[in-house]
Amino acid sequence: MQLHLWQFLALTFAGWVNRSQQDVIEYLKEENRVLREQLGARRLSFTDDQRRRLAAKAKAMCRDNLKEIADLVTPDTLLRWYRELIAAKYDGSQRRRPGRPRVMETIRELVLTMAKENSSWGYTRICGALANMGHEVGRNTVKRILAEHGIEPAPTRDKRTPWSTFLKAHWGAIAATDFFTVEVLTARGLIRYFVLFVIDLKTRRVEIAGIVHQPYEDWMKQIARNLTDAIDGFLCTTRFLIHDRDPLFSASFRATLSPAGVETVKLPARSPNLNAHAERFVRSIKHECLNRLVPLGENHLRTAVRAYVAHYHLERNHQGLDNRLICEEPDSPCTEGSIQCRESLGGILRYYFREAA
């Protein structure tokens with residue numbers, strides 16, 4: 001009886017050792033597979049699948065055995081991978097229902113548009129306007145949307161008139177003026193010429209008011225008289241003239257415009273965006289014309305500027321006018337006849353059109 005007991009214990013111990021060795025063998029096999037997959041890599045970088053496989057095999061072994069045979073990673077790393085594997089099994093974040101739904105983007109855009117275009121509208125007024133379109137939105141929701149976009153409440157917002165509102169309110173009665181300079185090659189070397197122009201903001205029509213080597217006050221006063229001439233003055237129907245803080249737009253210049261009913265609006269310092277239409281014309285004439293030729297004297301400069309202005313009015317499509325020509329007729333374009341090309345300034349300016357039948 002005593003002998004059988006020892007035999008049973010020996011068989012049990014041998015079975016346990018065999019299972020332990022089998023676990024070691026299974027782990028080493030898996031480690032070898034991972035190594036073969038990493039063959040050729042300069043630095044071992046495990047995928048999530050490889051981590052899961054090693055962690056699952058390591059879980060069946062004790063820490064002491066892992067320390068003896070694990071040479072790819074430490075036992076603590078393997079056990080951490082296994083804990084992460086268990087945590088991933090019970091991670092319900094992907095199935096978690098969202099909280100309170102976000103306000104629809106279309107409603108948010110409506111709130112922002114109403115607040116920007118109507119400076120006197122408060123939260124309640126905006127809620128009522130949204131209700132007219134079938135959107136039931138709370139007052140605090142409107143308040144939160146405006147706060148997220150840095151828009152102030154109505155009492156503060158109503159005290160300021162944005163330039164976009166001012167321009168739209170007076171559209172058709174506003175013009176802008178500015179200078180740009182051109183270096184002209186003459187017998188005396190390079191001479192800088194100043195070009196003064198005026199642009200009508202609604203129609204985008206441009207008038208070259210004058211070209212001079214050195215502007216001065218009397219010249220500016222004469223320009224003001226020309227622009228406000230009762231018969232053919234460019235500003236005869238204009239109420240406001242926007243200009244920057246150039247000293248040439250002096251008090252005498254403004255006083256010459258005032259009897260004709262033209263009120264000047266001086267822009268803040270360093271604010272080119274407030275005179276964007278004039279700045280865009282300067283970029284256009286330089287990029288499309290003046291930067292592509294060498295002006296040889298004042299007459300050549302005047303010819304080039306005159307040719308570009310004619311092209312600008314009659315042959316150039318303007319994105320601000322729905323990509324139409326300034327002087328385009330309302331009739332539909334001609335679709336018959338051969339296509340012709342009209343060139344100016346030696347081909348710098350081109351216009352394609354159909355020859356009338």
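Overview of values
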| read-out | value |
| --- | --- |
| Per-residue ³J(HN,Hα) for the range 144-152, Karplus 6.51 cos²θ - 1.76 cosθ + 1.60, θ = phi - 60°, Hz, x for Gly and Pro | 5, 5, 5, 5, 4, 9, x, 9, 6 |
| Whether the range 223-288 is rounded, prolate or oblate, judged on the alpha carbon gyration tensor where a/c under 1.5 counts as rounded | oblate |
| Inter-label distance for Ser284 and Ala307, nm, one decimal - labels placed 7 Å from Cα along Cα-to-Cβ | 1.8 |
| Estimated vicinal HN-Hα couplings, Hz - the range 203-214 in sequence order (Karplus 6.51, -1.76, 1.60; Gly, Pro = x) | 8, 6, 5, 10, 10, 7, 6, x, 10, 8, 6, 9 |
| Inter-probe distance in nm under a simple model that places probes 7 Å from Cα toward Cβ, at Gln340 and Ser258 | 5.2 |
| Ranked Ile242, Ile107, criterion: other C-beta atoms within 10 Å, fewest first | Ile107, Ile242 |
| Shape category assigned to the range 169-330 from the gyration tensor of Cα positions, a/c cut at 1.5 | oblate |
| Inter-label distance, nm, simple model (7 Å from Cα along the C-beta direction), Met133/Leu248 | 4.6 |
| Added length on full extension, which subtracts the Cα-Cα distance from 0.36 nm per residue, Asp49 to Arg350 | 102.0 nm |
| Long-range HN-HN contacts of Arg316 with modeled amide H, under 5 Å | Ile326 |
| Nonlocal amide H pairs with Ile151, under 5 Å, H built at 1.01 Å | none |
| Table column - 3J(HN,Hα) (Hz), the range 109-120, Karplus curve with 6.51, -1.76, 1.60, x for Gly and Pro | 5, 5, 4, 5, 5, 5, 5, 6, 8, 10, 5, 8 |
| Amide proton proximity set for Asp178, modelled H, under 5 Å, gap of 5+ | Phe197 |
| Those residues of the range 194-227 whose amide nitrogen sits under 17 Å from the label point placed on Asn323, 7 Å along Cα→Cβ | none |
| Sorted by Cβ neighbour density within 10 Å, fewest at the top, the residues Met133, Met220 | Met133, Met220 |
| Dipole axis of the range 220-289 (+1 Lys, Arg; -1 Asp, Glu on Cβ), positive-most option in Asn273, Ala230, His287 | Asn273 |
| Residues of the range 185-226 with amide N under 16 Å of a point placed 7 Å along Cα→Cβ from Ala276 | 201-204 |
| Which of Cys327, Cys127, Cys236 has the fewest Cβ neighbours within 10 Å, and the rest in rising order | Cys327, Cys236, Cys127 |
| Label point at Asn226 placed 7 Å out along Cα→Cβ; residues across the range 173-216 whose backbone nitrogen lies under 16 Å | 177-180, 193-199, 206-216 |
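Laboratory data are not the source of any read-out in this text; all were calculated from the coordinates shown. All of these numbers come straight from a predicted model, not from anything done at the bench. Using ideal geometry, Cβ is built from the backbone for each residue, glycine included, and neighbour counts are taken over all protein chains shown.
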